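Working notes for the structure below.
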Amino acid sequence: MSPPSLIDAHPNLAGAAPLALSYELFPPRSPAAAETLWTTIAELEATSPDYVSVTYGASGSNRGTAVELVRRLVQETSLRPLAHLTCVGNTPQELAEIIGELLDVGVRGILALRGDQPRDGELPADGSLRYAQDLIELIRRVEQRRSALLCAGKVAVGVAAYPTRHPESPSEAHDVEVLLAKQRSGADFAITQVFFHTEQYAQLLTRARRAGVTIPIVPGVMPLTSIRRLTRLGELTGVEPAPELIEKLSAAETDAERNRIGVAATVDLANAALDAGAPGLHLYTFNEHASALDVLDKLALPRPHRAGNRTGAARRGAGQQLAS
Ligand code: FAD
């Protein structure tokens, strides 16, 4: 038997790590949307998140706006972007180019996804990557080729995890096998799909740990304040919103009351995940900061103090005011 590790016995390592905080944004679809997005970015930046993720359209159609948003986040704010990337809609050659482009602008985190299959039933082109697992391997290959350029920080690769069965999967057990396979291919962490029942994150965590998944699984939580959004997301992801919550939101007589009900339900969901051992929270913002910040206020997550309170986006805003 080997002697106990001196590192394990070190008292400073016994405490829990700080909780991670992150947000999801999507690339703006119009100049007006871009303007409001930058207000949202400044508001979110003031909360010192650990990273913000930027979605990628599975058709590959928003490649330009996605990479541009990520580039501006790196260059104009203090935020660290996590760039989503999908197998669907791009050839492996194009994907290798995009990965290179992301690394060149300074990105060090990529969320490797398969992407949703096109609704018209069109089959993927010959030679395209089939699963997120293939994309992880491609990212690692590109990274390896650039090892000498990455001495000051390698790439963190994230993947999707599912508290409720993925619509194309035969079972939740299969989803966990897939998550384990993604870990073996080099995934460093996972972020979950939305979920609407307090016990679902804890159950995923139990299934995953039993199967040998050791990477952090961050719960993805959406502010549950909009009936339209909940219903639409339910259709897109196959995750059924809780009928009791929809009933309560429908019965609310004012927007303020609906917001209060939705924020309280979101806080319950987030607290249940944290109680189950979540290493942090990933908030789906839908490019709006108000509800996300309401949730954050109520949760009162301990946040590490970062030097320099003036954020990049706030600084840029002040600069613009001076110039105008
Ligand atoms: P995979 O892990 O490849 O799984 C896809 C399906 O194939 C599953 O049913 C799985 O069970 C099965 N499977 C996987 N590997 C194997 C295998 N080796 N053998 C047999 N079956 C297998 N979509 C976007 O288009 N853009 C985004 O920016 C985006 N961001 C997202 C962020 C998060 C946090 C999450 C949770 C989802 C996101 N999605 C996004 C949606 C995602 O693309 C879909 O859920 C998609 O249907 C599956 O993606 P995946 O990466 O989980 O795929």
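Need one number: nm distance between label points at ARG260 and THR36, each 7 Å from Cα along Cα→Cβ, rounded to one decimal. Result for the modelled spin labels: 2.5 nm.
Between the beta carbons of LEU6 and THR214, assuming R0 = 25 Å, the FRET efficiency works out to 0.70 to the nearest 0.05. Straight Cα distances below 27 angstrom link LYS154 to the lysines LYS182, with same-chain residues fewer than 8 positions distant left out. The charge dipole of the chain, taken about the Cα centre with unit charges on the Cβ atoms of Lys, Arg (+1) and Asp, Glu (-1), comes to about 880 debye, rounded to the nearest 20. Given R0 = 22 Å, the distance between the Cβ atoms of GLU168 and ARG145 translates into a calculated FRET efficiency of 0.10. What number comes out for the charge environment of GLY106, summing +1 per Lys or Arg and -1 per Asp or Glu over other residues with Cβ under 10 Å away? With Lys, Arg at +1 and Asp, Glu at -1, the net is +2.
For LYS298, the lysines whose Cα falls under 23 Å of its own Cα, not counting residues fewer than eight places away in the same chain, are LYS248. Rg/Rh for the range 20-178 (Cα atoms only, Rh after Kirkwood) is 0.97. Compute a Gaussian network model of the chain, connecting alpha carbons closer than 10 Å, and tell me which residue from GLY127, GLY186, GLY158 fluctuates the most. Answer for the Gaussian network model of the chain: GLY127.
In this structure the amide hydrogen of LEU21, modeled in the peptide plane, comes within under 5 Å of the amide hydrogens of ASP50, TYR51, LEU281, none closer than 5 places in sequence on its chain. A P(r) calculated from all alpha carbon pairs of the chain, with 10 Å bins opening at zero, reads 5, 24, 34, 26, 9, 2, 0, 0 percent.
Gain on full extension, evaluated as 0.36 nm per residue between ALA181 and THR206 minus their Cα-Cα distance, stands at 7.3 nm. Mean sequence separation of contacting Cα pairs (under 8 Å, at least six apart), scaled by the length of the chain, corresponds to a relative contact order of 20 percent. Between ALA251 and ASP116, the FRET efficiency estimated from the beta carbon spacing at R0 = 30 angstrom works out to 0.35.
We did not get these values from a lab; they are worked out from the coordinates using the rules stated. If you're wondering where the values come from, they're calculated on a predicted model, not measured in any experiment. Here the Cβ is made from the backbone with ideal geometry for all residues, glycine too, and neighbour counts use every protein chain on show.
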